[in-house]
Amino acid sequence: MAAPGGLPATLNPQISKRPLPRDAPSEVPSKRKNSNPTSTLPRPSGLFVEGSIVRIAMENFLTYDICEVSPGPHLNMIIGANGTGKSSIVCAICLGLAGKPAFMGRADKVGFFVKRGCSKGVVEIEL
C-alpha cells in the first residue's frame, strides 16, 4: 500500500535482502476529487480474517478531498513524509469504528475532522 502523496510502498532493494510476499494490488490513496468513495475495489476473497478492515473511504476528511484505502489481508504499513496524511487515515479508522474524537487527542468534536471549507465529511469502513 502506498501513502498519500504517491510515495512508494516497496522497500529499497539495496536494504531488503529477501523478496517480500506480495498481496493483491491495492489502490494508491489520492487527494483527487474525481473518484467515487463508495465504489469497492476488487480483492481476493477468502484471504481476510472475519472482521478485518477491507476498505476505508474518506470524503472531505481532514486533508483529503476523496481517498479510498484497501488494506491487504496481512501486515499493512502506512509510510510517508511528515504532513502527508498518515495519521488522517488512522483517525478515519478510529472515528469510522465509533471511537470518540477526544481519544485521538486531535480534537474534541467530530466536526473538527471535516475538511476546512466543507459542510460535511464522510468516513466509511468496510469489514
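The values are calculated or read from the model by the stated rules, or taken from the named source; none is laboratory data. Since this is a predicted model, take the numbers as computed values, not measurements. Here Cβ is always computed from backbone atoms with ideal geometry, including for glycine, and neighbour counts include all displayed protein chains.
Tally up the residues in segment 108-127 that are loosely packed, with under 15 Cβ neighbours inside 10 Å, within 19 Å of the chain's Cα centre (by Cα) and of a type in the set (A, V, I, L, M, F, W, C), please.
Total meeting the criteria: 3.
Is it true that some residue in segment 80-96 is without any contact (Cβ under 8 Å) to a residue 12 or more places away in the chain and within 14 Å of Glu124 (Cα to Cα)?
yes
Out of Ser87, Ser70, I need the residue that is under 14 Å from the mean Cα position of the chain (by Cα), over 26 Å from Leu47 (Cβ atoms) and small (Gly, Ala, Ser). Which one?
Numbers: Ser70 fails: over 26 Å from Leu47 (Cβ atoms).
Answer to the check: Ser87.
Taking the stated definitions as given, is Ile78 touching a Gly at 6+ places or on another chain (Cβ under 9 Å) and either in a helix (DSSP H, G or I) or surrounded by fewer than 18 Cβ atoms within 10 Å (Cβ to Cβ) (or both)?
Values: touching a Gly at 6+ places or on another chain (Cβ under 9 Å): yes; either in a helix (DSSP H, G or I) or surrounded by fewer than 18 Cβ atoms within 10 Å (Cβ to Cβ) (or both): no.
Here the answer is no, as Ile78 does not meet what is asked.
Kindly check whether there is at least one residue in segment 105-113 that is of a type in the set (Gly, Ala, Ser), in contact with a strand residue (DSSP E or B) (Cβ under 9 Å, 6 or more places away or on another chain), at pLDDT below 95 and assigned to a helix (DSSP H, G or I). I'd like the intermediate steps shown before the answer.
Step one: list which residues in segment 105-113 are of a type in the set (Gly, Ala, Ser), which gives 105, 107, 111.
Restricting the remaining residues to those that are in contact with a strand residue (DSSP E or B) (Cβ under 9 Å, 6 or more places away or on another chain) gives none.
No.
Could you please give the count of residues in segment 81-97 that are outside any loop (DSSP other than H, G, I, E, B), in contact with a strand residue (DSSP E or B) (Cβ under 9 Å, 6 or more places away or on another chain) and among the β-branched types (Val, Ile, Thr)? Show your work before the answer.
Step one: of segment 81-97, the residues outside any loop (DSSP other than H, G, I, E, B) are 86-96.
In the following step, the residues that additionally are in contact with a strand residue (DSSP E or B) (Cβ under 9 Å, 6 or more places away or on another chain) were identified as 86, 88-89, 91-93, 95-96.
Still in the running and among the β-branched types (Val, Ile, Thr): 89, 93.
The qualifying residues number 2.
Applying the selection to segment 90-106, what residues are closer than 15 Å to Leu62 by Cα, touching a helix residue (DSSP H, G or I) at 6+ places or on another chain (Cβ under 9 Å) and not aliphatic (A, V, I, L, M)?
Here is the first cut: in segment 90-106, the residues closer than 15 Å to Leu62 by Cα are 90-96, 101, 104-106.
The next check asks that each one be touching a helix residue (DSSP H, G or I) at 6+ places or on another chain (Cβ under 9 Å); those that pass are 90-92, 94-95, 101, 104, 106.
Passing the criteria: Cys91, Cys94, Pro101, Arg106.
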